[in-house]
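**Student:** My structure is below; once you've seen it, I'll send some questions.
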Amino acid sequence: MRYICLAAGKGTRFLKLGTYLQKCMYPIGGIPFLEFSVKNLLGSGAFNPEHDSLCLVVGSFSEQIRNYFTGEYSGTRICYVDQGESSGTGHAILRAYQESPFTEPAVVWLADTYISPELFRRIRDCREEAVLTVALHVCDIHHGERVTLSSDRSRIIRAWEGTGDFVDTGLWKVPPSMIDFILACKTDEFRFLPAIEAAIQRGLRVGALISDRWVHLGGTEPSVTENLRMVTDALLREVTDTDP
């Protein structure tokens with residue numbers, strides 16, 4: 001299986017930090033945010049180094065990611081794909097596919113979202129070829145990422161600007177058939193969620209994987225500063241004295 005991390009974002013909602021720091025490299029307890037998820041993937045049992053691959057799609061401040069993770073991390077080779085012009089999440093997936101086409105579903109996640117070992121295992125083992133991970137998020141703010149679930153909460157009925165109390169959290173299983181939908185759904189840029197919504201309308205079955213929490217650096221509720229405080233508090237519990 002191919003694991004693809006989208007780490008090219010410019011961090012426009014990341015206060016002044018985004019002017020000099022790649023958002024996913026934000027340090028918590030001396031550890032870059034992205035490293036938590038990379039370590040979780042490699043130690044989860046979901047990743048088989050003999051058969052699986054890890055790709056980081058980079059762009060803004062790419063040298064920070066490349067210099068830190070280099071070409072190999074904990075014995076696992078890392079490949080890099082430069083997104084070039086920042087044209088959305090769908091475009092980042094397209095770039096990874098163009099560099100190395102996949103013939104089976106790939107697991108894709110946003111670098112500014114924390115992914116636990118359990119979630120990596122669950123999405124790998126999900127029977128559906130297309131999957132969105134969602135979490136309960138009740139608020140009064142409009143979220144384009146809000147989804148609509150089936151009555152039994154097993155499937156995504158609407159993947160973009162849906163209704164209900166669940167939002168997409170940025171961990172997906174993407175089948176090769178999605179590439180055509182991404183190419184056909186460009187507006188100002190290639191966005192993944194509107195593309196998968198178009199695929200649903202054309203009959204694609206998309207599974208819903210429910211997470212019990214949503215920890216991400218892109219949050220603005222109740223403020224960017226308060227979200228960073230909550231993220232830091234959550235991940236500091238995972239830092240031990242043995243971590244580098």
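**Student:** Could you look through segment 1-43, keep only residues that are outside any helix (DSSP H, G or I) and β-branched (V, I, T), and pick out the one that is surrounded by the fewest Cβ atoms within 10 Å (Cβ to Cβ)?
**Tutor:** Pass one, segment 1-43, residues outside any helix (DSSP H, G or I): 1-14, 20-22, 26-32.
If we keep only those that are β-branched (V, I, T) too, we end up with 4, 12, 28, 31.
Numbers: I4: 25, T12: 11, I28: 20, I31: 17.
Among those that are outside any helix (DSSP H, G or I) and β-branched (V, I, T), it is T12.
**Student:** Next up: For a quick check of your reading: which strands (runs of 3 or more DSSP E) sit entirely within segment 44-136 and have at least 2 residues that are modelled with pLDDT under 95, touching a Lys or Arg at 6+ places or on another chain (Cβ under 9 Å) and of a type in the set (F, W, Y)?
**Tutor:** Details: elements: 53-58, 76-82, 106-110, 131-136.
Because the criterion is at least 2 residues that are modelled with pLDDT under 95, touching a Lys or Arg at 6+ places or on another chain (Cβ under 9 Å) and of a type in the set (F, W, Y), no strands (runs of 3 or more DSSP E) in segment 44-136 meet it.
**Student:** Can I ask one more? Here's a check for you: in segment 201-244, which residue that is in a loop (DSSP other than H, G, I, E, B), at pLDDT 90 or above and among the charged types (D, E, K, R) is nearest to the chain's Cα centre (by Cα)? Let's see the steps before the verdict.
**Tutor:** Step one: filter segment 201-244 for residues in a loop (DSSP other than H, G, I, E, B), giving 202-206, 212-215, 217-223, 237-244.
Next, from what is left, pick out any that are at pLDDT 90 or above: 202-206, 212-215, 217.
With among the charged types (D, E, K, R) added as a condition, the list becomes 202, 205, 212-213.
Values: R202: 24, R205: 20, D212: 16, R213: 14 Å.
Step by step, filter segment 201-244, then rank; the result is R213.
**Student:** Between F166, F181, which is buried (at least 20 other Cβ atoms within 10 Å of the Cβ) and farther than 23 Å from L136 by Cα? Outline the logic, then answer.
**Tutor:** Values: F166 fails: farther than 23 Å from L136 by Cα.
Only one candidate passes the filter, namely F181.
**Student:** Continuing with this model, one more query. S86 fails exactly one of the following numbered conditions: (1) touching a residue at least 24 places away in the same chain (Cβ under 8 Å); (2) under 26 Å from D233 (Cα atoms); (3) polar (S, T, N, Q); (4) out of contact with any strand residue (DSSP E or B) (no Cβ under 6 Å at 6 or more places or on another chain). What is the number of that condition?
**Tutor:** (2)
**Student:** Sticking with this structure for a sec: For a quick check of your reading of the model, give me the residue pairs whose first member lies in segment 193-217 and is closer than 13 Å to M178 by Cβ and in contact (Cβ under 8 Å) with a residue 40 or more places away in the chain, whose second is part of a loop (DSSP other than H, G, I, E, B) and of a type in the set (D, E, K, R), with beta-carbon atoms closer than 6 Å and at least 6 apart or on different chains.
**Tutor:** Pairs found: none.
**Student:** Next up: Starting from residues that are over 17 Å from the mean Cα position of the chain (by Cα) and not in a loop (DSSP other than H, G, I, E, B), keep the ones in segment 157-175 and report whichever is nearest to G218 (Cα to Cα).
**Tutor:** Looking only at segment 157-175, we keep the residues that are over 17 Å from the mean Cα position of the chain (by Cα), and these are 157-158, 161-165.
Those still in the list that are not in a loop (DSSP other than H, G, I, E, B) too: 157-158.
Values: I157: 25, R158: 22 Å.
Taking the candidates together, the pick is R158.
**Student:** Taking interchain pairs and intrachain pairs at least six residues apart, which have beta carbon atoms under 8 angstrom, with the first residue in segment 130-156 and over 22 Å from W109 (Cβ atoms) and of a type in the set (D, E) and the second at pLDDT below 95 and exposed (fewer than 12 other Cβ atoms within 10 Å of the Cβ)?
**Tutor:** Close Cβ pairs satisfying both conditions: none exist.
The values are calculated or read from the model by the stated rules, or taken from the named source; none is laboratory data. As the structure is a computational prediction, the values presented were derived from the model and not from experiment. With ideal geometry, Cβ positions are generated from the backbone for all residues, glycine too; neighbour counts draw on all protein chains shown.
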